[in-house]
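The values are calculated or read from the model by the stated rules, or taken from the named source; none is laboratory data. Every value quoted in this text rests on a predicted model; they were computed, and no experiment measured them. Virtual Cβ from ideal backbone geometry, glycine too; neighbours counted across all protein chains shown. Ligands, DNA and RNA are stripped out before the accessible areas are found, and what is left, the full protein with its side chains, is counted by its heavy atoms. Shrake-Rupley method; radii C 1.70, N 1.55, O 1.52, S 1.80 Å.
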Amino acid sequence: MSQNKMNLKLKVWRQKNAQTTGAFVTYNVEGISDEMSFLEMLDILNEKLITEGGEPVAFDHDCREGICGMCSLYINGKPHGPWQANTTCQLHMRAFKDGETIVIEPWRANSFPIVKDLTVDRSAFDRIIQAGGYISVNTGNAVDGNSLPIEKQNADDAFAAAMCIGCGACVAACKNSSAMLFLSAKVSHLALLPQGAPERKTRVLSMVAQMDKEGFGSCTNTGACEATCPKEISIANIARLNSEYLSAGLTSE
Amino acid sequence: MTFKQMFTSSVGKKLVMAFTGIFLVLFLVVHAGLNACIWAMDGGVMFNKAGHFMGSYVVPRVLEIGLFLGIFLHIIQGYMLTLENRSKRSVGYAVSYKDGSKWYSRSMAILGTILLMFFIIHWKHFWIPSRITGVEEIDLGNGFVVHNLYAVMQETFQSLWVVIFYVISCISLGYHLAHGFQSAFKTIGVHNKKYHVLISSIGYGFAIVIPLVFALMPISFYLHWVN
Ligand code: SF4
Ligand code: FES
């Protein structure tokens, strides 16, 4: 298969650590195949930087197949780049044209402090999960697969919400730096299933409290999160989160 | 969880915006309905009676207090939320993300500020004279004396600048409602698809019809469609 090669200009945010202020640095990369992934293109840049004795650009990644949620990058004004329902690791260079300038920024939110260059600390999400995004069960013997009847629609909605990979693109996209889409996905997938029922009220209240403590903003339903989410988490989950919160808040002690 | 904790959390603050917003939406219906009396073509008799009812009976006066509380809460909370949300991202992006959301959804504070300026001028035009500084009175017969608010309207809307300002404010109201109406219902937890589709359609219709009715009032006086 014939490959198209392209030369690109990259404007990359470089920042030594959380204490220093960063700046954009411009690099030229040549001979990039349109079949490469975006991260492979950055690998080539880094190899070049290392060969030249420079400091490679730090960026997060792990699975490189769109399932782990580690990759990030705000590319040309959109989290995870120009494609819809896609992670940065699954973005391919055919999305760009020869000679194009690509601006690469880290997720920007005070709750996601920059560790280095394009890498941010997303442990705030872990602490939100720790506040209630689980079910407490005594596992005992494995039960029969069909002993818990679950309505098909609820199972589907719960599964769709559970698709969230915790990447944080919703926060990066939101003008309020709100983590509400992430939280709503986590609350919804348990609220829709019988296993989530016993801790349903305390879960939503403690997870919202932790989200506020982490310093995320307040949702104003602009819809930017849904539009950029690689897993197409629906904003309807935020409305469900609100109703869970309202009923839990009004009926708690 | 106390009520205070509940309504001061990130979700709770939105609930305050949503509940006050829905209350103000209801007020808009009442206000537009009463003011539509100017088109009765009776020289303002029906309109002045409606104004008299709103200003002199206890139920509308009590509701008026609620209305002011609602408006102030909505304004103050709105500004606080905007400032707070802005403070969550100290270093902004070089390229901003515009495709994922509507410009008016991102501009609720600016649209709201235009509406606040409008309210101040609007109160000065009508509410303050009617309730505090006094308005010329008119006898509708049998000693039924009411404020001639119709004449105040006629006079106010002779100025082209006032009419333009009112129309711009109505357009801002339209966009504020285009986002606010459906957003308020999402915030109070309506997530069923069928209701959501219904509410969104009603919301867009409302955002067009109500501001249009309001905008036609100064225009009607200015162009002498009513006299
Ligand atoms: S909701 Fe979507 S954008 Fe947000 S963390 Fe989950 S997968 Fe990422
Ligand atoms: S690296 Fe795992 S989702 Fe992109």
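Quick check: with the 1.4 Å probe, what order do A:LYS9, B:LYS14, A:LYS16 take by accessible area, largest first?
Sorted by accessible area, descending: A:LYS16, A:LYS9, B:LYS14.
Residues of region A:123-251: accessible area per residue at 1.4 Å, in Å²?
For region A:123-251, the per-residue accessible area is 42 Å².
Which of the trypsin sites (Lys or Arg not before Pro) across region A:76-120 are loop residues per DSSP, with 15 or fewer other Cβ within 10 Å?
A:LYS97
Relative to the isolated chain, which residues of region A:209-232 have their accessible area cut by 50 Å² or more in the presence of all protein chains (1.4 Å probe, heavy atoms, no ligands or nucleic acids)?
With the partner chains in place, region A:209-232 has these residues losing at least 50 Å²: A:SER218, A:ASN221, A:THR222.
Mind checking the angle between helix A:152-162 and chain A's longest principal axis? C-alpha axes, 0 to 90 degrees, to the nearest 10.
That works out to roughly 40 degrees.
So, in nm, how far is label A:SER147 from label A:GLU52 when the simple model puts each one 7 Å beyond its Cα toward the Cβ?
The two pseudo-label positions are separated by 6.4 nm.
Ignoring ligands, DNA and RNA, what percent of the accessible area of region A:123-251 is carbon or sulfur (1.4 Å)?
Ligands and nucleic acids excluded, carbon and sulfur give 54 percent.
List, by residue number, every residue in region B:75-102 with a reduction of 30 Å² or greater in accessible area between the chain on its own and the complete protein assembly, 1.4 Å probe.
B:ASN85, B:LYS88, B:ARG89, B:VAL91, B:TYR93, B:ALA94, B:VAL95, B:TYR97, B:GLY100, B:SER101
Just tell me how shielded A:233-241 is by partners: mean number of partner chain Cβ atoms within 10 Å of each residue's Cβ, no decimals.
4
How do B:MET153, A:MET70 rank by accessible surface area computed with a 1.4 Å probe, from largest to smallest?
So the residues, ranked largest to smallest area, are A:MET70, B:MET153.
Net charge within 9 Å of A:PHE24 by Cβ-Cβ distance, Lys/Arg positive one each and Asp/Glu negative one each, not counting A:PHE24 itself?
Overall, the nearby charge balance is +1.
By average Cβ neighbour count within 10 Å, what is the ranking of B:205-213, B:127-135 from highest down?
B:205-213, B:127-135
How much accessible surface area, in Å² rounded to 10, belongs to the heavy atoms of A:ASP62 with a 1.4 Å probe?
Roughly 110 Å² of A:ASP62 is accessible to a 1.4 Å probe.
Starting with the highest mean, order B:90-98, A:79-87, A:162-170 by the number of other Cβ atoms within 10 Å, averaged over the residues of each peptide.
With the highest mean Cβ count within 10 Å placed first, the list reads A:162-170, A:79-87, B:90-98.
Which one, B:GLN77, A:ALA162, A:GLN195, is farthest towards the positive end of the dipole of the protein assembly as shown when Lys and Arg carry +1 and Asp and Glu -1 on their Cβ?
The Cα lying farthest towards the positive end belongs to B:GLN77.
Please list A:TYR74, A:TYR27 from largest to smallest accessible area, probe radius 1.4 Å, with all protein chains kept in place.
Order by accessible area, largest first: A:TYR27, A:TYR74.
³J(HN,Hα) across region A:56-73 via Karplus (A = 6.51, B = -1.76, C = 1.60, θ = phi - 60°), whole Hz, x for Gly/Pro?
Residue by residue, region A:56-73 yields x, 7, 7, 9, 7, 5, 8, 5, 6, 9, x, 10, 9, x, 7, 6, 9, 6 Hz.
What FRET efficiency would be calculated for the residue pair B:ILE128, A:THR139, taking the C-beta separation as r and a Förster radius of 51 Å, to the nearest 0.05?
The value I calculate is 0.15.
Sorting check: for A:39-50, A:202-213, A:133-144, which peptide has the highest mean count of neighbouring beta carbons within 10 Å, and how do the rest follow?
Per-residue mean Cβ counts within 10 Å order the peptides as A:202-213, A:39-50, A:133-144.
In whole angstrom, how long is each semi-axis of the equivalent ellipsoid of the protein assembly as shown, when you take the square root of 5 times every eigenvalue of its Cα gyration tensor and sort them from largest down?
51, 29, 19
What is the Cα centroid distance between region B:57-77 and region B:172-223, reported in whole angstrom?
Their Cα centres are 20 Å away from one another.
Rounded to the nearest 20 Debye, what is the dipole magnitude of chain A about its Cα centre when Lys and Arg each give +1 and Asp and Glu each give -1 at the C-beta?
Using Cβ point charges on Lys, Arg, Asp and Glu, chain A gives about 560 debye.
Could you pull out every whole DSSP H run in chain B that spans at least 27 Å of Cα extent along its own axis and averages 0.5 or higher on the Kyte-Doolittle scale?
The qualifying helices are B:10-35, B:58-86, B:160-187, B:193-222.
Computed on protein heavy atoms with a 1.4 Å probe, what is the summed buried accessible area for the chain pair B and A, in Å² to the nearest 100?
3500 Å²
If you fit an axis through the alpha-carbon atoms of helix A:200-213 and take the longest principal axis of the Cα set of chain A, what angle between them do you get, 0 to 90°, nearest 10?
For helix A:200-213, the angle is close to 40 degrees.
Please calculate the 1.4 Å probe accessible area of B:ILE199, with all protein chains present, and give it to the nearest 10 Å².
Solvent-accessible area, nearest 10 Å²: 30 Å².
Could you work out how far apart the two model spin labels at B:TRP161 and A:ALA23 are, taking each label as a point 7 Å from the Cα in the direction of the beta carbon, and quote it in nm?
About 4.8 nm separates the two model spin labels.
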